[in-house]
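Structure first, then comments.
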C-alpha cells in the first residue's frame, strides 16, 4: 500500500502495524505485549522521502496516562510503551513548579521532569536508529522559555529545530520539533482539531484535506478531546472505530492517497490487544527487538502540592529573554 511508504502495513488508529488481525479501536490495557512491539517501522521509508509525506501515528497529551480524573486521562500507555508500539508524534504541556520544569501528567504527588521525558525519547532513538520522533510543546511563556534553555544546553539531544521540512534520511535519529501557538522552534504545521459536534464528518474532511497537502506541508489531524466537558475515553470509544474504519477504507480506493500526515488520538491501540490471560505467544523474529524499559517517574526535591500546568511560583519565577 501507499500511505506514506508503509509497505504491507495499514495506518490503523496508530498505524504502522502489520496487517494480521482484527483491531480493538481504543486501548485501556497498560501493558504492551511483546507481540505488538513495532519499534523500527520507519526503516522502510526511503531516505529521500520528505517527512511531511510520511503518515505518522501520534498521541494527544502524551504523558497524561492513568489517574483518577477521567477528564485528564488521555492515554493508557506510558511513554516507553507508546514508543515501542510505533507512536512517533508526541504532544507535551510544560509547566514550572518551584523553579523546576515538568511535563504535565496525571500525578497528584509525583511529577515527570522535563529533561527526563526528553531523554527518554533520545534514549529510544539511540537504539532505534531508523526512527525519528516529532515533538510539540505547549505551555505558558515562562515554561516555554525554560524548555528552550534546557534544550539548548542539553547534552546528547539530537534536535531538528529548522523550519525547513527534512528528508527522512536527515531526520533519522533526531527529535524533530514541531511548532505550536506557544512554541516557535521547528516545523510549522497545519493543525486541525475537531469541534465538539459532528466530529466524524469533520475528521474525514480533515484527513482528506491533509492527504491533498501532505507532500509539501506538515499536516496534523488531532482527534483528541478538546471541549471543556469532553472525556478522552468517551471520545476514543465513539471516534476511534470510525477513524480506523475510514483509514482502512482508503486502502481499498483505486487511487490511494500517498500520505495522510500526522493523526493524533487518545487511547491508541495496536492489533487486537487481548487480556493478559489470553494473550498469544509472541512469534519468533529473525532479529532481536529492543525491549521497552520502564523508568521511575522522579519526585521533586521540594514536594509541591498539585497545581495545573502552567502554574508558576512568583517567588521562584525564572526570567528569560
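The values are calculated or read from the model by the stated rules, or taken from the named source; none is laboratory data. Computed from a prediction, not measured in an experiment: that's the story for all the values here. Cβ: placed from backbone, ideal geometry, glycine included. Neighbour counts: every protein chain shown.
Inside segment 101-114, can you point out the residues that are at pLDDT 90 or above and buried (at least 19 other Cβ atoms within 10 Å of the Cβ)?
Taking segment 101-114 and keeping what is at pLDDT 90 or above, we get 101-103, 113-114.
Once the filter is applied, which keeps residues that are at pLDDT 90 or above and buried (at least 19 other Cβ atoms within 10 Å of the Cβ), segment 101-114 yields 101, 102, 103, 114.
Restricting to segment 204-236, count the residues that are in contact with a helix residue (DSSP H, G or I) (Cβ under 6 Å, 6 or more places away or on another chain) and part of a helix (DSSP H, G or I).
Count: 1.
From the list 199, 275, pick out the single residue that is farther than 23 Å from residue 179 by Cβ, at pLDDT below 85 and exposed (fewer than 13 other Cβ atoms within 10 Å of the Cβ).
Only one candidate qualifies: 275.
How many of the residues making up segment 187-203 are part of a strand (DSSP E or B) and in contact with a helix residue (DSSP H, G or I) (Cβ under 6 Å, 6 or more places away or on another chain)? Full working, then the answer.
Filtering segment 187-203 down to residues part of a strand (DSSP E or B) leaves 187, 190-192.
Still in the running and in contact with a helix residue (DSSP H, G or I) (Cβ under 6 Å, 6 or more places away or on another chain): 192.
Of the residues in that region, 1 qualify.
For segment 247-256, state whether one or more residues are modelled with pLDDT of 75 or more, more than 30 Å from residue 102 (Cα to Cα), surrounded by 15 or more Cβ atoms within 10 Å (Cβ to Cβ) and touching a helix residue (DSSP H, G or I) at 6+ places or on another chain (Cβ under 9 Å).
Initial filter on segment 247-256 (modelled with pLDDT of 75 or more): 247-256.
If we keep only those that are more than 30 Å from residue 102 (Cα to Cα) too, we end up with 247-256.
With the extra rule that they be surrounded by 15 or more Cβ atoms within 10 Å (Cβ to Cβ), the set shrinks to 247, 250-251.
From what's left, touching a helix residue (DSSP H, G or I) at 6+ places or on another chain (Cβ under 9 Å): 247, 250.
Looking through segment 247-256, at least one residue is modelled with pLDDT of 75 or more, more than 30 Å from residue 102 (Cα to Cα), surrounded by 15 or more Cβ atoms within 10 Å (Cβ to Cβ) and touching a helix residue (DSSP H, G or I) at 6+ places or on another chain (Cβ under 9 Å).
Looking at segment 150-159, which of its residues are over 16 Å from residue 123 (Cα atoms) and surrounded by 14 or more Cβ atoms within 10 Å (Cβ to Cβ)?
Initially, segment 150-159 is screened for residues over 16 Å from residue 123 (Cα atoms), giving 150, 152-153.
Residue satisfying the conditions is 150 alone.
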